[in-house]
Amino acid sequence: MIDTIKDMALEALLDAAREEAPDLPTELIKAIYQVEKIHQFSPEDKAAIDALQKLIDEELSNFQRGNQ
Amino acid sequence: MKLKRLSMHNFMPYKGDAVLEFPQDESRNTLIVFGDNMRGKTSLLNAIRWTFYEYAYGRHLRQIPLHLLPNREAVNEGARVMETRIEFEANGSQYDLRRVATMKNLVAKPERPEDIQVDTYMQKDGAAIPGNEIDAEINQFAPEQVSRFFLFDGELLQEYEELLIEGSEQGKEIKKEIEKVLGVPALTNGRDHIKTILKQAQKQQSIDAGKIKGLEGAAERHQQWVAKRESFENDLVKLQSLLDNARNSRLTLDDELEKVEKIYSQKSKLDSSRSRGKEIEEEIKQKTSLRQQLVGQTWRDLLEPRLILKRESLLQEQQRFNDLNKERNRIQLRIEQTMQYLANLICPTCSQSLEASKREAKEMELEQLKFQLHGLGADDSRLTDIALQIRALNKVIGHGVGDRLSDVDKDLARFEFDLSKIENQIEELQEEIKEFDTDAIMKMRSRRDGVLKDEARLNADVDDRKSKIDDADKEIRILSQRMQPDESYRGARGTQMADMCEKLYASFSLSIERLREALRQSVETQASKAFKAMSTQTAYQGLRINDNYGLTILDQNGSEVLLRSAGAEQIVALSLIAGLSHAGRPAGPVVMDTPFGRLDTKHRKNILGYLPNSASQLILFVHDGEIRGSDDLNVLAHRIGGQYEIKEISPTHSVLVQR
């Protein structure tokens, strides 16, 4: 049974993001991963997708504000 | 997480109350529960399963219907409640989880799951947790999806063999389960969820682009491809659901066929017994007819002594005639020689002329010989008659009708015995298969073959739609790239969101492959370490992992050991479990039911020495054949924090006794 999770998954994701999405902030990647980690055994997807959508929207708004 | 106490009330064979206290001392973290087969070891594992996940498994991992879980004896005596409770500690909090099954009003005896209502209660540090949050709370420290790796059924060990079979359906399923315990779903779900958001963003992209002057054409094509992809995806969902249904039907039919396989074998035994029975009946018929013939000839045995005497006398007479004939022939020869002597008057020896006196003597001798020959007489007709009589007697004498009759009687007795044995067998076999319709089994087989064909066709269709979706993705990407030079397009929110999602999607996809590779290496290293500690073969180098997390043994030269014993399989499987628990996450409690069935003494000792170090608490449900006497226990003695024994009160009532 599980106490804490060794985050090899997060490490792999951050590594991959450095190559595939170098301009995206590490905090966003970490936040997205946390959502997925919490919901990984959840029987339905909606809660995770909504949470991800919210994170992406916020990031996009920050980006657009920054551009302005 | 640390288990404290399991309490049961009327759960399966545990009538009334039964309590199992788990060891709390980290240095003595092992609990052993001894119990003979059919006494309730697996029921203890099921009590834990049922408390956490509300289901219990029977043989071949089939779920046991709820109404069969309450203790039969207690139900017959009027009990209406079954309850299990686990008290444990996790993430620094104290938990109390209870599941209560109560017979519904007006139900005298539960006969179907609907006759029982189940209520679940959980307290965290003394405060009640709402019912709808209980599963999520359990998921935090003991997700049901990975429970097979800590609620461990010995029967499951052989399943890990499937991981070595390329393309095995069961292997794929186990691989998924393994990846769950290793935390891969956080990435695979993430990739799929990002993809969903990306698709929404691409729809928005089409709409945004359609409003930009000069991009109308490309936007329309973009929109068409997005719609096409959606249609392929809808197709894929439908096909996948049909495929799942076909696969489930096939698996159910496979299970059913496996169950009736014995019936098949009994049926073929029955057919062969019936045919042997017919053969024996035919042999009995032939022997009976022979016996009748022999009985008709028994007079021969009664007359035989006299006939033998008669034949003896005839044979003697025949001998006398033969001797007489020889004598006659001898005299006849001498007469002829004497007559020749007298006719030539020359001595046949010295060729000299005979004297008169000798000639007279020869003439006298000739007369005497003639007289002798005449005296001997000759009765050829009598000799012929004797020969005929002897021949006739020979036909009757020496047949041993009595002996032959006795042999036939013995054969008949043996055949009758065999026939009665076969008839009993036929009766038993008929009884065994009487409830099974063998024609229906044949039909089931043909239905399974049909479903298998459907499955293959659906698999091909699924692959086709996936490939079409990939093509659509490429087209959408190309069209988007063509529109990129347009500043308005680039600045549109839909485009920016799609770009971000593309990058996230690529990141998740790449990370999944990397994580899998890293996990495989980590599991291989940890499992090899465990294997070396548990195996008695010191020359082995370790284990090698394949893409499905299947493990093969490497010999001293680093070559794969292709043939391995059942015991070796068990050690490899246990090594995989140990590898997974170390590679995925820190060790928690592990509950094992009958895990040492196929191991020899030395391996058992090695494993018993190793396992307590691989889990925070080790709970073993074993029978005496698995852990034998003080020898095995000595290895564990310093780690044992408690021992229980399951005692049988009646076939439906067991109790736990502390040792």
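The values are calculated or read from the model by the stated rules, or taken from the named source; none is laboratory data. Being a predicted model, the structure only gives us computed values, none of them experimental. Glycine also receives a Cβ, built like all others from the backbone with ideal geometry; neighbour counts cover every protein chain displayed. We work out accessible area using only protein heavy atoms, side chains counted, and drop any ligands, DNA or RNA first. Shrake-Rupley method; radii C 1.70, N 1.55, O 1.52, S 1.80 Å.
Key figures
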read-out	value
Any pair with Cβ under 6 angstrom, 6 or more apart, that starts in the stretch B:513-526 at a residue that is without any contact (Cβ under 8 Å) to a residue 60 or more places away in the chain and ends at one that is assigned to a helix (DSSP H, G or I)	B:Arg514/A:Ala12; B:Ala518/A:Met8; B:Gln526/B:Gly579; B:Gln526/B:His582; B:Gln526/B:Ala583
Flag for B:Gly171 being open to solvent by less than 10 Å² (accessible area, probe 1.4 Å), under 25 Å from the mean Cα position of the chain (by Cα), touching a residue at least 24 places away in the same chain (Cβ under 8 Å) and more than 20 Å from B:Gln526 (Cα to Cα)	yes
Qualifying residues in the stretch B:611-629 (those that are modelled with pLDDT of 85 or more and open to solvent by 10 Å² or more (accessible area, probe 1.4 Å)) - the one farthest from B:Phe34 (Cα to Cα)	B:Ser616
Scan of the stretch B:250-281 for residues that are surrounded by fewer than 17 Cβ atoms within 10 Å (Cβ to Cβ) and polar (S, T, N, Q), ordered by number	B:Thr252, B:Ser265, B:Ser268, B:Ser272, B:Ser275
Leading residue by the ranking (nearest to B:Arg148 (Cα to Cα)) among those in the stretch B:66-89 that are free of Cβ contacts under 8 Å to residues at least 60 places away in the same chain and surrounded by fewer than 16 Cβ atoms within 10 Å (Cβ to Cβ)	B:Leu68
Filter pass, B:Gly398 being closer than 30 Å to B:Arg306 by Cα, of a type outside the set (Ser, Thr, Tyr) and in a loop (DSSP other than H, G, I, E, B)	yes
Single residue of the stretch B:10-21 satisfying the filter (touching a residue at least 24 places away in the same chain (Cβ under 8 Å) and surrounded by fewer than 21 Cβ atoms within 10 Å (Cβ to Cβ)) that is farthest from B:Gly40 (Cα to Cα)	B:Glu21
Criterion: without any contact (Cβ under 8 Å) to a residue 24 or more places away in the chain and open to solvent by 70 Å² or more (accessible area, probe 1.4 Å) - qualifying residue of B:Ala413, B:Ala356	B:Ala356
Boolean, B:Val657 is over 29 Å from B:Gly92 (Cα atoms) and open to solvent by 40 Å² or more (accessible area, probe 1.4 Å)	yes
Hits in the stretch A:40-58 (condition: under 19 Å from B:Leu198 (Cβ atoms) and facing chain B (nearest Cβ under 7 Å))	A:Asp45, A:Ala48, A:Ile49, A:Leu52, A:Gln53, A:Ile56
Subset of the stretch B:534-550 (residues that are aromatic (Phe, Trp, Tyr) and crowded, with 21+ Cβ neighbours inside 10 Å)	B:Tyr549
Boolean, A:Ile56 is under 22 Å from B:Val184 (Cβ atoms), part of a helix (DSSP H, G or I) and of a type in the set (Val, Ile, Thr)	no
Matching entry among B:Thr594, B:Thr601 (being among the hydroxyl-bearing types (Ser, Thr, Tyr), surrounded by 19 or more Cβ atoms within 10 Å (Cβ to Cβ) and either away from every other protein chain (no Cβ under 14 Å) or free of Cβ contacts under 8 Å to residues at least 24 places away in the same chain (or both))	B:Thr594
Residues (among the charged types (D, E, K, R) and out of contact with any Ser or Thr (no Cβ under 8 Å at 6 or more places or on another chain)) located in the stretch B:22-64	B:Asp25, B:Arg28, B:Asp36, B:Arg59, B:Arg62
Residues within the stretch B:184-242 that are more than 14 Å from every other protein chain (Cβ to nearest Cβ) and either open to solvent by 30 Å² or more (accessible area, probe 1.4 Å) or of a type in the set (Phe, Trp, Tyr) (or both), tallied	25
Residue within the stretch B:471-485 that is in contact with an Asp or Glu (Cβ under 7 Å, 6 or more places away or on another chain) and either in contact (Cβ under 8 Å) with a residue 24 or more places away in the chain or buried (at least 17 other Cβ atoms within 10 Å of the Cβ) (or both) present	no
